[in-house]
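S.K.: First the structure, then my questions, so here it is.
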Amino acid sequence: MFPYKRRNELNIAFFSSIFSIEKNLTEKTLKASLLFRFFIEFRVTNVYIICPNSSNKEFELLKELSDYALTPPYLKKYIPISHNLKKVGLLSPMNLPFHIVHKLPIEGEIRIGKNNDFGLPQKIRTRHKSIIIVDSVKDSFIQYPLIYYNGFEIHKTNIEDILTKDNLIIGSRNGKDPLKYKDEIVSMYEEKGLTVLIGPPEGMLIKKLGENFLKKSYNFIIKQGVSDVRAEEAIISSLSLLNAILE
């Protein structure tokens, strides 16, 4: 059984500079693949990439990679391979409900289509965007709404817009223990959803924002065993702990 979409949004926001550490496209693609898998595993709704006004480079890379990764294998042929996609063979399978299909259709498979192509032996004429196979011998299908979680959406933004969100919480080593304040977190989630902000690689986010943001901050890695937590580690840790708290 596939999981349903979350009842309220669980969003993650981070700075595009977390991809400035990697020196080549291979390393950036591998890092993106790891993060995409975690976004899907924890059913993230929206991914906000905080970019400096002068640069779209990292956002464009992540947008192209995510579009490709979230497209089912039988429809990837419609995506032109740009420079940013030259290493897409390194992306791990995302295994969303409409990705897991066989070469020949099997009852119960959920498929999405493009240009009447649903990855079946022949194109089919239908107005439906998604179908479920009901008879593999006759290639029969019926319309099937995408009620299950079907991936995240990625957006470019700036820090000012993120800070105005009324469902914002911040990952910080100076923050509160989320386990002790889990009722506070759950209450906000049930009312507004959550948007989790992770700081840039250089750290010092709360110092830059001001101490008034401490009340919105939580330490998702209590008693960390390293002097510095990498942004991707903070993303994974915060989503993992929030997933347990919210369920």
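The values are calculated or read from the model by the stated rules, or taken from the named source; none is laboratory data. Just so you know, these numbers come straight off a predicted model, no measurement behind them. Because the Cβ atoms are built from the backbone with ideal geometry, glycine has one as well, and the counts that use them run over all protein chains shown. These area figures cover heavy atoms from the full protein model, side chains too; ligands, DNA and RNA do not enter into them. Shrake-Rupley method; radii C 1.70, N 1.55, O 1.52, S 1.80 Å.
Per-residue answers, yes or no, for (1) under 17 Å from the mean Cα position of the chain (by Cα); (2) surrounded by fewer than 18 Cβ atoms within 10 Å (Cβ to Cβ):
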position: Ser172; (1), (2): no, no
position: Leu179; (1), (2): no, yes
position: Gly193; (1), (2): yes, no
position: Gly210; (1), (2): no, yes
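S.K.: Still on this structure: What do you reckon, is Val229 of a type in the set (A, V, I, L, M, F, W, C), open to solvent by 20 Å² or more (accessible area, probe 1.4 Å) and farther than 22 Å from Ser16 by Cα?
M.R.: no
S.K.: Sticking with this structure for a sec: Of everything in region 176-225, what is among the acidic types (Asp, Glu) and part of a helix (DSSP H, G or I)? Give them in sequence order.
M.R.: Passing the criteria: Asp183, Glu184, Glu190, Glu191, Glu211.
S.K.: Does Lys76 satisfy being surrounded by fewer than 18 Cβ atoms within 10 Å (Cβ to Cβ) and either in contact with a Leu (Cβ under 9 Å, 6 or more places away or on another chain) or not in a helix (DSSP H, G or I) (or both)?
M.R.: Against the criterion (surrounded by fewer than 18 Cβ atoms within 10 Å (Cβ to Cβ) and either in contact with a Leu (Cβ under 9 Å, 6 or more places away or on another chain) or not in a helix (DSSP H, G or I) (or both)), Lys76 does not qualify.
S.K.: Now for a different question. From the list Lys156, Lys165, pick out the single residue that is open to solvent by 50 Å² or more (accessible area, probe 1.4 Å), closer than 29 Å to Leu61 by Cα, not in a loop (DSSP other than H, G, I, E, B) and not acidic (Asp, Glu). Talk me through it step by step, then tell me what you get.
M.R.: Details: Lys165 fails: not in a loop (DSSP other than H, G, I, E, B).
None of the others qualify; the one that does is Lys156.
S.K.: Which of the residues spanning region 144-153 are in a loop (DSSP other than H, G, I, E, B), surrounded by 13 or more Cβ atoms within 10 Å (Cβ to Cβ) and not aliphatic (A, V, I, L, M)?
M.R.: Across region 144-153, the qualifying residues are Tyr144, Tyr149, Asn150, Gly151, Phe152.
S.K.: Further, regarding this structure: Can you name every residue in region 79-102 that is under 21 Å from Lys31 (Cα atoms), free of Cβ contacts under 8 Å to residues at least 60 places away in the same chain, assigned to a loop (DSSP other than H, G, I, E, B) and open to solvent by 90 Å² or more (accessible area, probe 1.4 Å)?
M.R.: Ile81
S.K.: Just to be sure before I move on: is Ile198 in contact with a Phe, Trp or Tyr (Cβ under 7 Å, 6 or more places away or on another chain) and within 20 Å of Ile21 (Cα to Cα) in the structure I sent?
M.R.: Taking the combined requirement at face value, the residue satisfies it.
S.K.: Of everything in region 121-135, what is within 16 Å of Ile106 (Cβ to Cβ) and open to solvent by 40 Å² or more (accessible area, probe 1.4 Å)? Give them in sequence order.
M.R.: Pro121, Val134, Asp135, listed by residue number.
S.K.: One residue is enough: does region 121-129 have a residue meeting the conditions more than 26 Å from Glu41 (Cα to Cα), polar (S, T, N, Q), free of Cβ contacts under 8 Å to residues at least 40 places away in the same chain and assigned to a strand (DSSP E or B)?
M.R.: No, the conditions are met nowhere in region 121-129.
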